Amino acid sequence: MSTRATYQIGETVFYCHWDGYPTGAAQRFANMVAAHTVAQTEKERSFDPCEDRRGGWPFAFIRGNLDAEPTEDHEAHGDTEFRYTLQSEADGTVYVRTDSRGHDSRWRKGERIDLADWLASMRRKLANDLWTYYQKRGLTSETQTSAAAHAEEAIPTVLKIAEPREYATPQIHYATRAAAMNIAGLCSQAAQSFPADNPNKKIYQARAAAWLNAVEGRRATVEA
């Protein structure tokens, strides 16, 4: 569908001609997260569990969505139906706000919602929409489970990880479940490479716990 939308990430704004409705935008933001947080593959840099990808969220949005076109601001395109604004806090927490244009052409401002929570709600909505579509068309081979699986494929689960920092507040990361599992494994491998009396061992154990427990839906129990 040619639902047009703009996406503001920090000071950078992108225009996308297609699929700008919320569940379509969620797919774009999930692509952004997947391109932003990537497990390290170079063995010589095994102590750094994440690839060094420069440019932050704006560059990740382009990497994940090759049709994203930089534009001046939300006002640059008069035919858009949705506006999405991403805001990052100092600790790494990211919020998304959805503004929509009503039938009277006035913009309705949405609430700020944590990125991971918003993506989860959009994935549930997509699953419900797919299930309704299957029922209306009598697709008896499709089930609610398959609808959920298709929604997960379109909008992969994005986790929010609070990684501990010594003498500082935790650093927030966002990652797909697959990337988080790989990063947890790399942190665990790094921890095993240090002797018991080396402080780095405890640091990497804490980092591994944070990533793994995010995957498992539990809070980390190891402190830095």
Exercise for the section: Restrict the check to the range 34-41 and report whether at least one residue is at pLDDT below 95 and not hydrophobic (A, V, I, L, M, F, W, C). Expected result: yes
Exercise for the section: Identify, from the list Asp129, Asp104, the residue that is in contact (Cβ under 8 Å) with a residue 24 or more places away in the chain and surrounded by fewer than 16 Cβ atoms within 10 Å (Cβ to Cβ). Expected result: Asp129
Fill in the blank from the handout: Per the filter on the range 55-114, residues modelled with pLDDT of 95 or more and aromatic (Phe, Trp, Tyr) are Trp57, Phe59, Phe61, Phe82, Tyr84, Tyr95
Problem - Residue in the range 67-89 that is surrounded by fewer than 18 Cβ atoms within 10 Å (Cβ to Cβ), among the charged types (D, E, K, R), out of contact with any Pro (no Cβ under 6 Å at 6 or more places or on another chain) and closer than 29 Å to Ala162 by Cα present - result: yes
Practice task
Output the number of the condition that Pro195 fails; it satisfies all remaining conditions of (1) at pLDDT 90 or above; (2) assigned to a strand (DSSP E or B).
Solution key: (2)
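Quick grid of which residues meet (1) at pLDDT below 95; (2) β-branched (Val, Ile, Thr):
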| site | (1), (2) |
| --- | --- |
| Thr140 | yes, yes |
| Ile155 | no, yes |
| Glu166 | yes, no |
| His173 | no, no |
Problem - Criterion (over 14 Å from the mean Cα position of the chain (by Cα), on the phi > 0 side of the Ramachandran plot, free of Cβ contacts under 8 Å to residues at least 24 places away in the same chain and not in a helix (DSSP H, G or I)) met by exactly one of Gly110, Gly138, Gly78 - result: Gly138
Practice task
Could you tell me whether the range 142-157 includes any residue that is in contact with a helix residue (DSSP H, G or I) (Cβ under 9 Å, 6 or more places away or on another chain), of a type in the set (Ser, Thr, Tyr) and assigned to a loop (DSSP other than H, G, I, E, B)?
Solution key: yes
Practice task
Please state which one of Tyr167, Tyr134 is in contact with a helix residue (DSSP H, G or I) (Cβ under 9 Å, 6 or more places away or on another chain) and more than 18 Å from Gly217 (Cα to Cα).
Solution key: Tyr134
Problem - Residue that is nearest to Ala208 (Cα to Cα), among those in the range 156-193 that are over 12 Å from the mean Cα position of the chain (by Cα) and polar (S, T, N, Q) - result: Ser188
Completion exercise
Arg207: passes all of (1) under 13 Å from Pro49 (Cα atoms); (2) charged (D, E, K, R); (3) surrounded by fewer than 20 Cβ atoms within 10 Å (Cβ to Cβ) but (3)
Exercise for the section: Kindly check whether there is at least one residue in the range 89-106 that is farther than 27 Å from Ala151 by Cα, touching a Phe, Trp or Tyr at 6+ places or on another chain (Cβ under 7 Å) and outside any helix (DSSP H, G or I). Expected result: no
Practice task
Determine which single condition Asp67 fails, assuming it passes every other condition in (1) closer than 17 Å to Thr3 by Cα; (2) in a loop (DSSP other than H, G, I, E, B); (3) over 21 Å from the mean Cα position of the chain (by Cα).
Solution key: (3)
Exercise for the section: State which residue is farthest from the chain's Cα centre (by Cα) when the search covers only the range 141-155 and only residues that are buried (at least 20 other Cβ atoms within 10 Å of the Cβ) and closer than 24 Å to His36 by Cβ. Expected result: Ala151
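The values are calculated or read from the model by the stated rules, or taken from the named source; none is laboratory data. The model shown is predicted, which means the values in this text are computed figures rather than measured ones. Cβ coordinates were reconstructed from backbone atoms using ideal geometry, including for glycine residues, and neighbour counts include every protein chain displayed.
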